[in-house]
Structure formats: C-alpha cells, structure tokens
Amino acid sequence: MQQPITVLWFGAGQDSTDMLYQYVYNKHFREQYVADNRFLVICSDTGNEFPETYEHIGKVKQFCDRQSVEFYHLTRNMGYHTDSWPTLQAQFERNDNIMSAAFPKTCTDNLKIKVCYNFLADYLRNYYGMDGAGKKVFYQYAEQFGKLRSLIGFAKGEESRCAAKPQLELFPEVVKDNRPVWMQKNVEHQYPLIEQRKDRQACQDYIRQVGHDVPMPSNCMMCPFQNDAELVYLERFYPQQWAYWAKREQAKIDKNAERERNLGVKGEKLLPEVLAEAKKKYGDWSDEQLRTYKMSHGHCVKSKI
C-alpha cells in the first residue's frame, strides 16, 4: 500500500537540523508530524554556501543513511536547477547583476523552492507512477492522498516569514495565504518549531542534548542581508569570496552606469565602503569572537515560504 508523503525542507542550518533530529529521536514529534507517512528530507544547493555548511550536509547525509532516512541533496548536475539559475555565482556572471537588500528577493525562490519542487514532482511521478506534467502532478497527488505535508524550519520569532500563516486553518477569512495557487491547493505547510515555541537557542540546546555538533546557521556567502559583524567575518575568513563579491558588485555598477539609480549590495554605499564602516565597529574583534557571533546569526530572515 502506497503511503502519503511528509517532506522536511532542509536548509542545512540549525532549525531544520533540529527537526531532523527530532524526527529520529522524538517519538511524539514523529507521531504528530509524520505518523505513517513516507518521510523525505530535501536540500537544494545554491552553490554559494559556507564550507562549514557543506561539511554539515555531508555528515547529515551519512547520519540519514544510518537511520534509513531518505535524504536528497540537489546539486546543479542533477537537472533540477534552471539554466539561468544553476548557482548564485553563475547567475551573477551571466547577467552582471547581484542580489541587493534594496531589490526584491528572488534567490531563495529560484535556487531552493523551485529546485526542490522540480525534484519532488519527478519523485511523485517515479514513486507513484503519476503522469501529470508540471504542477499538475501535485493536483494528482492531493486528489489521491490529500495535501502534501511540508515541514519548514522557521523558529519562534520568525513568524513573519510564513507565507502560509500558522493560523490559516483557524482563521482563513482573515489570514492571507501568499503562496502560488497550485501550492495553496495541494501543499500544507507546517512550522513545528513555531508550534513548539522553540527559538534558535532552544534548537542549539536540543542538538547538543542528542549528542551532535551544532552546525553554523546557513546562508549564502553573498547574502545581502548579512549584518556588519557577518561582513567582517566573511572578509576575514574568506577574503577570496569577499573580493569576488565586490568584483561582481562593481560589474553590476559598471553595466548600469548610465542609470539614474544604480544600487549595490547594500544600496547606495558599495561593499568596500560598507566593510570599512563595519570594521570600525567589529574590526578589533578576535577570531573567536567573530566565530561565536556567527554561530548565532546568519540565517536570512527575509525569505518567506
């Protein structure tokens, strides 16, 4: 007998790692959010994660293999990324553009959400034998099993990131669902950490409690929403990545030199100036201070799903 699916969208940071470990170690969590469903863990590669994050993904894959958990790390060679967004760097180089705190945020949608659902559509076709093209396969799934259950790792304090608000089922007339129509009709988003009232610190504590190392919060190395301390961290520990980012920003500025409004990563001020100001505040921090700070920061709270 075929089972319905519960998917954990794995961002490789502390929140989604907490939920993975809860699935394995916490019977109550497993019964409440997965029950008898087939459980999938899906992670999409942006091509621009910190090395520590890639190391963590490798460890998690081995952990999932030992626990017989289906884990899929979607890399650009697997065919689920689009030609225009194979990686963040490739998109920048192709168009001489950048992501900016002043622009609409499109990287999460193109490098994570769309990639994961492209894979999941194929998975439904292959595992269930469904033949729906594009998003039609999700309608076929929902007709047979009901809405596909999707677990998303937003912690307490990140409620504003929920495109499908946790209160939607209780107050559908007053809470707007901002997801695409096909997703509204066929996918049920759940936010276990918000329901559990677990913040980032509680996730860190739980990961240690069950005997694992706490991973670094996940975000792209060129995320425009990093704060001043994080920028100092990036330039100090990954100077080549910093130099590349500044180069891509300058390429964007040069390409649009004739435009009246020509913004960089942080807006009017370009990265070298932003970094100089950041160093006035955090440049005298020790390596250990920056590393400690980075362990509690870095998740891009601007993306919604």
Mean 1/r over distinct Cα pairs of the range 215-305, inverted to a Kirkwood Rh in Å, yields 14.0
Whole-percent carbon and sulfur contribution to the accessible surface of the chain (1.4 Å, no ligands, DNA or RNA) stands at 47
Net charge within 13 Å of residue 233 by Cβ-Cβ distance, Lys/Arg positive one each and Asp/Glu negative one each, not counting residue 233 itself? -1
Cut-off 10 angstrom, C-alpha nodes, Gaussian network model of the chain. Which of 228, 287, 15 fluctuates the most? 287
Excluding residue 275 itself, what net charge comes from residues whose Cβ is under 12 Å from its Cβ, given Lys and Arg +1 and Asp and Glu -1? 0
Approximate spin-label separation residue 38-residue 273, in nm, with each point projected 7 Å along Cα-to-Cβ: 5.4
Could you work out the equivalent-ellipsoid semi-axes for the range 177-230, taking the square root of 5 times each eigenvalue of the Cα gyration tensor, largest first, in whole Å? 27, 21, 10
Taking 8 Å as the Cα distance limit and 6 or more residues as the minimum spacing, I'd like the relative contact order of the range 1-160 as a percentage. 29
If Lys and Arg each add +1 and Asp and Glu each add -1, what is the summed charge of the other residues whose beta carbon sits under 12 Å from the beta carbon of residue 200? -3
In a GNM of the chain with a 10 Å cut-off on Cα contacts, which of 39, 63, 154 has the highest mean-square fluctuation? 63
Using alpha carbons only: equivalent-ellipsoid semi-axes of the range 76-145, gyration tensor based, whole Å: 30, 13, 8
With viscosity set to 1.306 mPa s and temperature to 10 °C, compute the Stokes-Einstein D of the chain, Rh being the Kirkwood radius across alpha carbon pairs; µm²/s, no decimals. 77
Whole-percent pair-distance distribution, where bins are 10 Å wide, for the alpha carbons of the range 1-146: 10, 35, 35, 17, 3, 0
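The values are calculated or read from the model by the stated rules, or taken from the named source; none is laboratory data. Everything quoted here is computed from the prediction, not taken from an experiment. We place every Cβ from the backbone using ideal geometry, glycine too, and count neighbours over all the protein chains shown. When the accessible area is computed, the model is the full protein with side chains, heavy atoms only, and any ligands, DNA or RNA have been set aside. Shrake-Rupley method; radii C 1.70, N 1.55, O 1.52, S 1.80 Å.
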